[in-house]
Amino acid sequence: MDFEPRVYPPVRESQPLSALQEEILELKKQRNAVILAHNYQIEPIQRIADYLGDSLGLAYAAKSAEAEVILFCGVHFMAETAKIVNPGKTVLLPDEAAGCSLSDSCPADKLAAWQEAHPGTYTVAYINCSAAVKARSDLICTSGNAVRMIEKVPAEREILFVPDQNLGAWVARQTGRKMRLWPGSCYAHVMFTARALEKVRRQFPDAPVVAHPECTEAVRDLADEVCSTERMVAFCKDTPSERIIVVTESGMIHRLQKEIPEKTFIAGPTENCACNDCRFMKMNTLEKVRNALRDMGPEITMEEDLRRRAAVPIERMLEWSRS
Ligand code: 13P
Ligand code: SF4
């Protein structure tokens, strides 16, 4: 751990779009497409997105999309969610291998076996899971609304929270609600350690720490704010500090620089690296985005019966999240 922290100073000027970005925007028009991108995408993709946000914002944006094609720059479960909430659209994912370690940690057959052994349990699934797991769940949540969603579950029901034990533990502490936690985790967020974070805090004692709830408890306990990627934008805007330590996937810093160009951001370090990339989020490239629009694939498809069952807990979340 002898590397220097990665510091992103204020942004003075923005670069013109590249020929490839222009080509994508032209194809987008021809295909009547909308580009939705997650905050962890590479900066060149973030720049050409029509909507950039967290999982919750993206689910709403997908539901209300009017274009014929949704090009989803994120990971598979996010594009799948877009198809579930807006089935009439063609949903494209630039790289269909862009998965998620959290989603992989909870196979639907294992969840089914657990539920059969524990009848009557209320299953709340973090949106980072497959359509088949969503179809077996009572309610979906994201990091942006997990506390509010858990507060709405009837008090007498026992809750199983899948698949992220870290988000689950954080929500349990916020709400005081006892929950059984599925033993899954995000491989990227658990790489942040308290030791590495303490070291960078000593170097920037004036900088508050904002961390994603997928981090471990030891890291969350050192943070001034624990929240979803979208809420991080508001936190960084509102804090009077000029410098903020951001403990989440490194793409988030591009979103923050776009929204708050005058501030300095310091990437949360791991034991091995000055920042942290999610290898799945980083599978999408500008070339693959162009190819997806040119070839109209890879396309997200699913059986209508599965889609309808998975839609029930997502729609419940979207409705409860508004109130
Ligand atoms: P957000 O919903 O906070 O954007 O998080 C999504 C995610 O995959 C975090 O790793
Ligand atoms: Fe999944 Fe973690 Fe990547 Fe988010 S950062 S998509 S939770 S592997």
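The values are calculated or read from the model by the stated rules, or taken from the named source; none is laboratory data. As the structure is a computational prediction, the values presented were derived from the model and not from experiment. For neighbour counting, all protein chains shown are included, and Cβ atoms are generated from backbone atoms with ideal geometry for every residue, glycine included.
Name, by its number, the condition in (1) in contact with a strand residue (DSSP E or B) (Cβ under 8 Å, 6 or more places away or on another chain); (2) under 26 Å from Asn39 (Cα atoms) that does not hold for Arg180.
Of everything listed in (1) in contact with a strand residue (DSSP E or B) (Cβ under 8 Å, 6 or more places away or on another chain); (2) under 26 Å from Asn39 (Cα atoms), Arg180 misses just condition (2).
Only one of Val233, Val219, Val210, Val226 is within 17 Å of Val171 (Cα to Cα) and either modelled with pLDDT under 95 or touching a Leu at 6+ places or on another chain (Cβ under 7 Å) (or both); which? Steps first, please.
Values: Val233 fails: within 17 Å of Val171 (Cα to Cα); Val210 fails: either modelled with pLDDT under 95 or touching a Leu at 6+ places or on another chain (Cβ under 7 Å) (or both); Val226 fails: either modelled with pLDDT under 95 or touching a Leu at 6+ places or on another chain (Cβ under 7 Å) (or both).
Only one candidate qualifies: Val219.
Quick one: is Ile244 more than 13 Å from ligand 1 (Cβ to nearest atom), part of a strand (DSSP E or B), within 21 Å of the chain's Cα centre (by Cα) and crowded, with 19+ Cβ neighbours inside 10 Å? Break it down into steps so the answer makes sense when it comes.
On the way: more than 13 Å from ligand 1 (Cβ to nearest atom): yes; part of a strand (DSSP E or B): yes; within 21 Å of the chain's Cα centre (by Cα): yes; crowded, with 19+ Cβ neighbours inside 10 Å: yes.
In short, yes.
When you go through (1) more than 21 Å from Glu214 (Cβ to Cβ); (2) touching a helix residue (DSSP H, G or I) at 6+ places or on another chain (Cβ under 7 Å); (3) modelled with pLDDT of 95 or more one by one for Met1, which number turns out not to apply?
(3)
Hey, could you check segment 111-144 for residues that are β-branched (Val, Ile, Thr) and outside any helix (DSSP H, G or I) and say which is nearest to His76 (Cα to Cα)? Step through it out loud before you land on a result.
Pass one, segment 111-144, residues β-branched (Val, Ile, Thr): 121, 123-124, 127, 133, 140, 142.
Pick out the ones that are also outside any helix (DSSP H, G or I) and you get 121, 123-124, 127, 140, 142.
Numbers: Thr121: 27, Thr123: 22, Val124: 20, Ile127: 11, Ile140: 16, Thr142: 15 Å.
Out of the qualifying residues, it is Ile127.
Any chance segment 127-141 includes a residue that's in contact with a helix residue (DSSP H, G or I) (Cβ under 7 Å, 6 or more places away or on another chain), within 16 Å of ligand 2 (Cβ to nearest atom), over 20 Å from Glu230 (Cβ atoms) and among the polar types (S, T, N, Q)? Don't jump to the end; show me each part of the working.
Of all residues in segment 127-141, those in contact with a helix residue (DSSP H, G or I) (Cβ under 7 Å, 6 or more places away or on another chain) come to 127-141.
With within 16 Å of ligand 2 (Cβ to nearest atom) added as a condition, the list becomes 127-131, 133-134, 140-141.
Filter once more, keeping what is over 20 Å from Glu230 (Cβ atoms): 130-131, 133-134.
Imposing the further condition that a residue be among the polar types (S, T, N, Q) reduces the set to 130.
Within segment 127-141, one or more residues are in contact with a helix residue (DSSP H, G or I) (Cβ under 7 Å, 6 or more places away or on another chain), within 16 Å of ligand 2 (Cβ to nearest atom), over 20 Å from Glu230 (Cβ atoms) and among the polar types (S, T, N, Q).
Restricting to segment 226-241, and then to whatever is among the hydrophobic types (A, V, I, L, M, F, W, C) and outside any loop (DSSP other than H, G, I, E, B), can you tell me which residue is surrounded by the most Cβ atoms within 10 Å (Cβ to Cβ)? Steps first, answer last, please.
Quick first cut of segment 226-241, residues among the hydrophobic types (A, V, I, L, M, F, W, C) only: 226-227, 232-236.
With outside any loop (DSSP other than H, G, I, E, B) added as a condition, the list becomes 226, 232-236.
Numbers: Val226: 24, Met232: 26, Val233: 22, Ala234: 12, Phe235: 17, Cys236: 22.
If we take residues in segment 226-241 being among the hydrophobic types (A, V, I, L, M, F, W, C) and outside any loop (DSSP other than H, G, I, E, B), then Met232 is surrounded by the most Cβ atoms within 10 Å (Cβ to Cβ).
Taking the condition among the aliphatic types (A, V, I, L, M), without any contact (Cβ under 8 Å) to a residue 60 or more places away in the chain, part of a helix (DSSP H, G or I) and farther than 25 Å from Arg12 by Cβ, does Ala223 pass?
Working: among the aliphatic types (A, V, I, L, M): yes; without any contact (Cβ under 8 Å) to a residue 60 or more places away in the chain: yes; part of a helix (DSSP H, G or I): no; farther than 25 Å from Arg12 by Cβ: yes.
Against the criterion (among the aliphatic types (A, V, I, L, M), without any contact (Cβ under 8 Å) to a residue 60 or more places away in the chain, part of a helix (DSSP H, G or I) and farther than 25 Å from Arg12 by Cβ), Ala223 does not qualify.
In segment 185-229, how many are within 12 Å of ligand 1 (Cβ to nearest atom) and of a type in the set (Gly, Ala, Ser)?
Qualifying residue count, segment 185-229: 4.
When only residues in segment 189-220 that are among the β-branched types (Val, Ile, Thr) and assigned to a loop (DSSP other than H, G, I, E, B) count, which is nearest to ligand 2 (Cβ to nearest atom)? First the steps, then the outcome.
Taking segment 189-220 as the starting set, the residues that turn out to be among the β-branched types (Val, Ile, Thr) are 190, 193, 200, 209-210, 216, 219.
So of that shortlist, the ones also assigned to a loop (DSSP other than H, G, I, E, B) come out as 193, 216.
Working: Thr193: 16, Thr216: 13 Å.
Applying the filter and picking the extreme gives Thr216.
For segment 47-76, which residues satisfy the criterion of being of a type in the set (Phe, Trp, Tyr), surrounded by fewer than 23 Cβ atoms within 10 Å (Cβ to Cβ) and over 14 Å from Thr229 (Cβ atoms)? Quick ask: steps written out before the conclusion?
Start the filter on segment 47-76 by keeping residues that are of a type in the set (Phe, Trp, Tyr), which leaves 51, 60, 72.
Next, from what is left, pick out any that are surrounded by fewer than 23 Cβ atoms within 10 Å (Cβ to Cβ): 51, 60.
Answer for segment 47-76, where residues must be of a type in the set (Phe, Trp, Tyr), surrounded by fewer than 23 Cβ atoms within 10 Å (Cβ to Cβ) and over 14 Å from Thr229 (Cβ atoms): just Tyr60.
Please identify the pairs in which a residue from segment 5-30 that is of a type in the set (Val, Ile, Thr) has its Cβ atom under 7 Å from the Cβ atom of a residue that is assigned to a loop (DSSP other than H, G, I, E, B) and surrounded by 12 or more Cβ atoms within 10 Å (Cβ to Cβ), counting only partners at least 6 apart or on another chain.
That search, which allows pairs on different chains as well, returns Val11/Pro261; Ile24/Ile48.
Quick one: how many residues across segment 87-110 are part of a helix (DSSP H, G or I) and not aliphatic (A, V, I, L, M)? Even if it seems obvious, please write down each step before you answer.
First pass over segment 87-110, keeping only residues part of a helix (DSSP H, G or I): 101-104, 108-110.
Within this subset, residues satisfying the condition of being not aliphatic (A, V, I, L, M) are 101, 103-104, 109-110.
The number of residues fulfilling the criteria is 5.
Specify the residue that is nearest to Thr216 (Cα to Cα); the eligible residues are those in segment 252-273 that are out of contact with any Cys (no Cβ under 8 Å at 6 or more places or on another chain), part of a loop (DSSP other than H, G, I, E, B) and not hydrophobic (A, V, I, L, M, F, W, C).
Out of the qualifying residues, it is Glu271.
Anything in segment 4-59 that is aliphatic (A, V, I, L, M), more than 16 Å from ligand 2 (Cβ to nearest atom), in a loop (DSSP other than H, G, I, E, B) and modelled with pLDDT of 95 or more? List them, or say none. If you could, list the steps in order and put the result at the bottom.
First, pick out the residues of segment 4-59 that are aliphatic (A, V, I, L, M): 7, 11, 17, 19-20, 24-25, 27, 33-37, 42, 45, 48-49, 52, 56, 58-59.
Next, only the ones that are more than 16 Å from ligand 2 (Cβ to nearest atom) stay: 7, 11, 17, 19-20, 24-25, 27, 33-35, 48-49.
Retained after the next criterion (residues that are in a loop (DSSP other than H, G, I, E, B)): 11, 17, 48-49.
If the condition is that a residue be aliphatic (A, V, I, L, M), more than 16 Å from ligand 2 (Cβ to nearest atom), in a loop (DSSP other than H, G, I, E, B) and modelled with pLDDT of 95 or more, then Leu17, Ile48, Ala49 are the ones that fit.
Val147 - would you say it is in a helix (DSSP H, G or I) and over 24 Å from Thr239 (Cα atoms)? Quick ask: steps written out before the conclusion?
Numbers: in a helix (DSSP H, G or I): yes; over 24 Å from Thr239 (Cα atoms): no.
It is false that Val147 is in a helix (DSSP H, G or I) and over 24 Å from Thr239 (Cα atoms).
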